[in-house]
Amino acid sequence: MKKREKIDGKVFLLIITILLFLVMYAAGLIIFQSKGFAKPQVFLNLFISNAGLIVIAAGMTMVMITGGIDISVGSIVALTCMMLAWMMEIKGMGAVPALIIVLIMGIVFGLVQGFLIAYLKIQPFIVTLAGMFFARGLTAIISQEMISIKNELFLKWAKSKINLTFLGGTVNKKGVVNYSFIYPSVIIALIVLVGIFVLLKFTKFGRTIYAVGGNEQSVSTDDGIKCQADQAACLCDQWLLMFVGRFLIRIEYLRWLC
Amino acid sequence: MNKGKAFIKRLTGYRLFLPLFCLVLVLFSNLIKTPGFFEVTIKNGVLYGYIIDVINRASDLVILAVGMTLVVAASGGTDISVGAVMSVAGAVCCFILSGGQQSVNEFVNPYILGVLAAILAGILCGCFNGFLVAKLKIQPMVATLILFTAGRGIAQLITKGQITYIRVESYKMLGSSIPGIPIPTPVFVAMIVVLLTYVLLKKTTLGLYIQTVGINAKASKLMGIKSAMIIFLSYVFCGLCAGISGLVASSRIYSADANNIGLNLELDAILAVALGGNSLAGGKFSLLGSVIGAYTIQALSTTLYAMGVSPDQIPVYKAVVVVVIVALQSTELKRMVSKLQMNVKSGKKVA
């Protein structure tokens, strides 16, 4: 008779979360069947609406594995949104330069916070709290009113649907075939997700992150691993990811705005 | 010259030096832009002036910071639900005093009943948090996140979604001033809370136990100290402080505004604890440090308002100042600086 392995604590929690998701989805299917809950588009909408969140969560995972936390992400999303809008509308910049600047700004934000946390050993909560305040204040300084984005290239990106024809379509009342669709943001989110997964599982850097999270002191006394540099580096990367997440959320907001 | 150096070394060696120094720095930076900052006059029998405003408005924060200090010291975690608990306490108090109506001109139930109910509400919230952290060993930030999210909803339920007004003169006294006494009442409340807590910590072994548990909970348990109970009590105390603070805040606006009472104050409370030189990882703590930190944050806010900065933009300056102060206090920075000094000295000697 084979001995059953004890289910690992982490896996157990994951199973519960998955079960919860399935239960809620099933409940939705049963209760809202008549209102079209059973369409595959509903499932895809989950990804469309949360593409930005997926990216941010991927980055946040890396931060949390090292034992830190970042509560500034939300405000930095707002800041990057505002900067994009301001640069494109009021300064009249093109979409691509604006995006690149905003990307760099996200990395810089991350670098500064990472330095303070990893090298000056200030508590992550405090640093990211300050970051949150800072970003929020900067957003208000840039503009107190809403700026709607009318840049054509940006809007084109935001609105371009990717039709998934293989999932089949439905014919609506006007006789037009509606396919299930997703937006490019979902593809970006999935790429980032897979990328982070690969980074964490298969690279030395990823393993170091786990090691730092496990026991920072023993990592730093190991000659083979430069703890501080790695910790700062992984904190910076988190921000890089987080900022990519903000980028996507921007696109989402645009969709709502239009 | 040596005596001077020795004096400075001793001065900077005091734990509270840096927090006090920062407070003084913030206050004196006012002299540049607002010369009338330190003016104190008496209007309507009450002391009036920027400084008085700082001390008055900081009282809510001071009470919160006292509770937060104990939580941080005992468990290394933070209680981010205090703002919401303030809101709940205010809602409970106003609900009892108004008997469920939206606006009253006299107390429906005795005032003391409202006060006790609010304090009890705070304690109950603290018990909830404490149970989750101490017994179920959930991460403090996650556990208090529950009340942080749900607290204001609960307060809304109690006030039925309306702002409950208590238009009774004696209710306002807690938040503004008792006739005949020029100092605003919240200042007294804050002082009493700080004093009582200090006495509690010094005259009983509670202070010692909290520090022990904070530094190493497992070792304390092996020594026979009930770590779980101490951590639980610290959260209950934090809830109590939040309840008192909620009472003061609600009395200031003589109503229960479920959405705005204590909004974002939890973050300020944590900042106050950090500014006071306390390590957010737990262990040794300084109550006085947190109090100084609370006044510093309030002084910073008032300074910025006095300089004419718009309320939306204040967070930027707050953030920068906080990071600078905390960076100055970080031991890593001191190590870097002393290394630099040593390199410079040895460089000079070699040259």
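The values are calculated or read from the model by the stated rules, or taken from the named source; none is laboratory data. Computed from a predicted structure; not experimentally measured. Glycine also receives a Cβ, built like all others from the backbone with ideal geometry; neighbour counts cover every protein chain displayed. For the accessible areas, the whole protein counts, side chains as well, though only heavy atoms, and no ligand, DNA or RNA atoms are used. Shrake-Rupley method; radii C 1.70, N 1.55, O 1.52, S 1.80 Å.
Tabulated data for the structure shown
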quantity: Only one of B:Gly243, B:Gly262 that is more than 14 Å from chain A (Cβ to nearest Cβ) and in contact with a Ser or Thr (Cβ under 8 Å, 6 or more places away or on another chain); calculated: B:Gly262
quantity: Lone unmet requirement of (1) open to solvent by 20 Å² or more (accessible area, probe 1.4 Å); (2) more than 9 Å from chain B (Cβ to nearest Cβ) for A:Phe134; calculated: (2)
quantity: Residue in region A:19-39 that is among the hydrophobic types (A, V, I, L, M, F, W, C) and either surrounded by 13 or more Cβ atoms within 10 Å (Cβ to Cβ) or at pLDDT below 75 (or both) present; calculated: yes
quantity: Residue check, B:Val236 touching a helix residue (DSSP H, G or I) at 6+ places or on another chain (Cβ under 7 Å), farther than 22 Å from B:Lys135 by Cα, assigned to a helix (DSSP H, G or I) and of a type in the set (A, V, I, L, M); calculated: no
quantity: Test: B:Val133 is free of Cβ contacts under 8 Å to residues at least 12 places away in the same chain and farther than 21 Å from B:Ile253 by Cα; calculated: no
quantity: Helices (runs of 4 or more DSSP H) contained entirely in region B:243-351, each with at least 3 residues that are open to solvent by 40 Å² or more (accessible area, probe 1.4 Å); calculated: B:287-306, B:314-329, B:331-350
quantity: Count of region B:148-164 residues which are touching an Asp or Glu at 6+ places or on another chain (Cβ under 9 Å) and under 30 Å from B:Ser227 (Cα atoms); calculated: 1
quantity: Some residue of region B:271-281 being of a type in the set (A, V, I, L, M, F, W, C), closer than 30 Å to B:Tyr165 by Cβ and within 11 Å of chain A (Cβ to nearest Cβ); calculated: no
quantity: Considering residues of region A:114-131 that are aromatic (Phe, Trp, Tyr) and surrounded by fewer than 19 Cβ atoms within 10 Å (Cβ to Cβ) only, the residue farthest from the other protein chains (Cβ to nearest Cβ); calculated: A:Phe115
quantity: Matching entry among B:Ile181, B:Ile192 (being more than 30 Å from B:Gln102 (Cα to Cα) and in a loop (DSSP other than H, G, I, E, B)); calculated: B:Ile181
quantity: Residue match in region B:291-310 (condition: within 13 Å of another protein chain (Cβ to nearest Cβ), of a type outside the set (A, V, I, L, M, F, W, C) and more than 15 Å from the chain's Cα centre (by Cα)); calculated: yes
quantity: Criterion (in a helix (DSSP H, G or I) and either within 30 Å of B:Leu280 (Cβ to Cβ) or within 14 Å of chain B (Cβ to nearest Cβ) (or both)) met by exactly one of A:Leu99, A:Leu111; calculated: A:Leu111
quantity: Boolean, B:Ser330 is among the hydroxyl-bearing types (Ser, Thr, Tyr) and within 8 Å of chain A (Cβ to nearest Cβ); calculated: yes
quantity: Selection status of B:Ile192, at pLDDT below 85 and of a type in the set (Val, Ile, Thr); calculated: no
quantity: Whichever residue in region B:168-205 is free of Cβ contacts under 8 Å to residues at least 12 places away in the same chain and either touching a helix residue (DSSP H, G or I) at 6+ places or on another chain (Cβ under 7 Å) or basic (Lys, Arg) (or both) and, among such residues, is farthest from B:Gly67 (Cα to Cα); calculated: B:Ile178
quantity: Residue within region B:198-219 that is surrounded by fewer than 12 Cβ atoms within 10 Å (Cβ to Cβ), within 19 Å of the chain's Cα centre (by Cα) and not aromatic (Phe, Trp, Tyr) present; calculated: yes
quantity: Checking B:Pro315 against (1) facing chain A (nearest Cβ under 7 Å); (2) farther than 30 Å from B:Pro35 by Cα, the condition it does not meet; calculated: (2)
quantity: B:Val142 over 20 Å from B:Arg252 (Cα atoms), outside any loop (DSSP other than H, G, I, E, B) and either in contact (Cβ under 8 Å) with a residue 12 or more places away in the chain or of a type in the set (A, V, I, L, M, F, W, C) (or both); calculated: yes
quantity: Residues that are open to solvent by less than 40 Å² (accessible area, probe 1.4 Å) and not in a loop (DSSP other than H, G, I, E, B), drawn from region B:159-168; calculated: B:Thr164, B:Ile166
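Matching residues to (1) closer than 30 Å to B:Tyr209 by Cα; (2) open to solvent by less than 50 Å² (accessible area, probe 1.4 Å):
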position	(1), (2)
B:Ser59	yes, yes
B:Leu64	yes, yes
B:Leu70	yes, yes
B:Cys94	no, yes
B:Glu106	no, no
B:Cys125	yes, yes
B:Phe128	yes, no
B:Lys137	yes, no
B:Leu157	no, no
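Conditions (1) out of contact with any Lys or Arg (no Cβ under 6 Å at 6 or more places or on another chain); (2) acidic (Asp, Glu); (3) free of Cβ contacts under 8 Å to residues at least 24 places away in the same chain, marked per residue:
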{"site": "A:Ile48", "(1), (2), (3)": "yes, no, no"}
{"site": "A:Val77", "(1), (2), (3)": "no, no, no"}
{"site": "A:Gly94", "(1), (2), (3)": "yes, no, no"}
{"site": "A:Ile104", "(1), (2), (3)": "yes, no, yes"}
{"site": "A:Ile107", "(1), (2), (3)": "yes, no, no"}
{"site": "A:Val127", "(1), (2), (3)": "yes, no, yes"}
{"site": "A:Leu138", "(1), (2), (3)": "yes, no, no"}
{"site": "A:Gln144", "(1), (2), (3)": "yes, no, yes"}
